[in-house]
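Structure first, commentary second.
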Amino acid sequence: MAWNRPFLSRTASEGWRRPPPEDSGTLGFGWVSILVPLGLGFVMALALAYQAWDAGREHRVSARSSAREQAEFAAYLLATSVHRLMQEELLYTFYPVELARARAGGALPDPDVLRVDPERSRCEPESAGASRRYFRFQPASGALLVTGPASPEFEGWIRSLLARPEDESPAGSSELDDRTVRHRSGLVGDRRTLITYRAWGDGAERVVYGFESCWRTRQGNVFERALATTQALPPRLVGSTPSDSLFRLSVRGADSVLVFGESWARPPAELYDGTAFYGTVRVQPARVYPGLELRVSLLPRVAERLIRGGLPRSRLPLALGLLLLTAALLWIALRQLRRGHELISMRARFVQSASHELRTPLQQILLFSDLLRTGRLQGDAQTRQALDIMHSETQRLIALTENLLQFSSRQPPPAPAGDLDVTALTQETVEAFRPLAAGRQDEIRVSSDGPVYARVHADGLKRVLINLLDNALKYGPEGQTIAVEVRDVDGWAEVAVSDGGPGIPEAQRSRIWDPFVRLEREGTSGTAGSGIGLSIVRQIVGGMGGRVEVGRGAQGGARFSVRVPRAQHPPQRAG
């Protein structure tokens with residue numbers, strides 16, 4: 001019976017069947033059924049985050065509006081107090097004019113009549129030796145009489161202020177007939193000037209008396225007194241805390257000149273933590289204090305006390321944090337789903353590849369056992385050849401079964417049992433493997449520098465060598481030469497296996513050690529494999545304190561290098 005040897009080759013005996021393609025429709029529906037709930041969950045988290053941010057924003061707007069209303073109310077009370085104090089102070093200031101006119105039979109007295117002790121003590125001159133200015137003005141004739149250090153600028157300012165048409169000038173309007181005392185401020189030259197005046201008579205007989213004034217009473221600055229004597233905020237909120245400890249007060253006149261306080265501008269953000277609460281009110285009546293405005297700015301700690309629970313902080317960081325956490329969990333879930341899908345796909349490929357790799361040698365064994373049983377073999381040579389093939393296929397089955405058991409048990413690899421001659425152990429393993437290589441007309445050459453000793457486990461190192469040799473046999477061309485080198489390298493015992501195959505791309509070399517991973521060139525070729533051999537190699541070598549690397553061999557194929565710690569003592573008998 002003549003045999004065609006390629007008929008006995010695994011690749012020629014039957015074509016490898018590729019794994020059936022996955023059902024893309026079922027897979028797509030599965031992904032949709034998972035992604036839709038996750039997407040809805042993310043949208044719901046986004047909506048909840050927006051609701052939290054919007055509720056916090058509305059709360060902050062309401063709280064800030066309440067604080068500003070409190071500041072505006074405080075400004076109103078202070079403005080009322082300023083008016084009251086000024087009216088009390090000036091109640092009898094112009095009485096000397098009326099008294100002098102009555103005594104003189106209606107004649108107009110000089111403006112010095114206003115130099116009375118109460119008025120003089122209320123507003124002291126700005127510098128020693130200086131005197132204040134008093135004036136009398138008659139709008140009909142334009143006559144202006146000034147006592148004190150008068151100047152053309154001061155006289156021109158008085159004329160422009162009081163000699164206006166009746167519908168524009170405060171002094172010429174009919175409102176002066178009620179004997180209203182008025183205040184006007186302005187810049188005269190480089191000096192800020194405030195005058196207080198009152199008009200008598202009507203028509204051609206009208207006359208205005210006034211003097212250079214100040215925002216003071218005999219007890220002190222009118223604005224400071226208003227702060228000290230006015231309860232500007234409810235006691236139930238601030239207790240007995242004085243007003244000057246609750247807010248800052250700024251006052252400016254009609255010409256926007258600062259009258260009192262440090263600054264009229266909005267308080268700096270660094271002082272008020274980025275939020276300023278202030279109220280602005282015009283002092284009434286406007287005909288008495290034209291353009292006089294008060295601004296009350298609450299201090300941050302006061303605003304916290306005015307709002308129950310304090311000023312609410314922005315919920316945007318919390319909302320963004322929750323949204324980012326949801327997105328991270330969603331990303332992790334998708335990653336785990338993808339990983340699970342990959343594991344399912346790898347398991348399916350592994351089961352198909354392992355089943356086929358087990359079935360092929362079993363078919364070979366069954367074929368030749370049937371030939372032996374039926375007596376169809378002719379002569380001792382054919383019988384011997386059949387027995388050799390059955391023996392090699394049985395060895396392959398044993399090696400594959402040991403790999404599966406080693407991988408499925410997830411037990412640590414065997415620890416080194418003693419000092420062994422790695423060269424002798426390698427030659428023994430290669431000799432047992434030669435029948436498998438002979439079936440493909442492959443040749444295995446072993447080279448060494450002599451005996452190399454290492455502390456390794458004999459069965460573990462044999463399994464490593466068998467996996468590497470089987471890998472070289474699978475991915476190398478028929479008739480190749482597999483080179484096995486045993487060397488002593490820098491304190492390591494190295495065993496290297498090189499094949500004549502296409503090699504492994506450098507970018508994919510880190511992936512081949514992972515379980516169930518098969519490179520693209522392997523999946524599209526007719527080469528079978530379980531995808532766990534190299535993973536077991538790395539596991540066993542690591543357990544013996546060594547390392548395994550892959551590179552390019554002299555023939556252009558893959559070169560696997562195993563290094564284990566070299567022994568310092570003579571080896572014992574291997575096995």
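The values are calculated or read from the model by the stated rules, or taken from the named source; none is laboratory data. Remember, predicted model here, so these are calculated numbers, not experimental data. Positions of Cβ are generated from backbone atoms using ideal geometry, with glycine treated the same way; all protein chains shown enter the neighbour counts. Ligands, DNA and RNA are excluded from the accessible area calculation, which covers all protein heavy atoms including side chains. Shrake-Rupley method; radii C 1.70, N 1.55, O 1.52, S 1.80 Å.
Quick notes on this one:
- Candidates are the residues of the range 94-110 that are surrounded by fewer than 16 Cβ atoms within 10 Å (Cβ to Cβ) and of a type in the set (D, E, K, R); the one that is nearest to Ser213 (Cα to Cα) is Asp110.
- Restricting Leu194, Leu187, Leu233, Leu227 to residues that are among the aliphatic types (A, V, I, L, M) and assigned to a helix (DSSP H, G or I) narrows the list to Leu227.
- The number of residues in the range 477-499 that are under 15 Å from Arg434 (Cα atoms) and within 52 Å of the chain's Cα centre (by Cα) comes to 2.
- Condition check for Ser121: assigned to a loop (DSSP other than H, G, I, E, B), open to solvent by 40 Å² or more (accessible area, probe 1.4 Å) and at pLDDT below 85: no
- Pair list, Cβ under 6 Å, 6 or more apart: the range 486-512 residue in contact (Cβ under 8 Å) with a residue 40 or more places away in the chain and under 19 Å from Ala554 (Cβ atoms), other residue open to solvent by 20 Å² or more (accessible area, probe 1.4 Å) and in a helix (DSSP H, G or I): Gly501/Tyr475
- The set of residues in the range 226-244 that are within 29 Å of Ile195 (Cβ to Cβ) and open to solvent by 10 Å² or more (accessible area, probe 1.4 Å) comprises Leu227, Ala228, Thr229, Thr230, Asp244.
- If you check Phe247, Phe223, Phe211 for being open to solvent by less than 10 Å² (accessible area, probe 1.4 Å), among the aromatic types (Phe, Trp, Tyr), within 56 Å of the chain's Cα centre (by Cα) and modelled with pLDDT of 85 or more, only one passes: Phe223.
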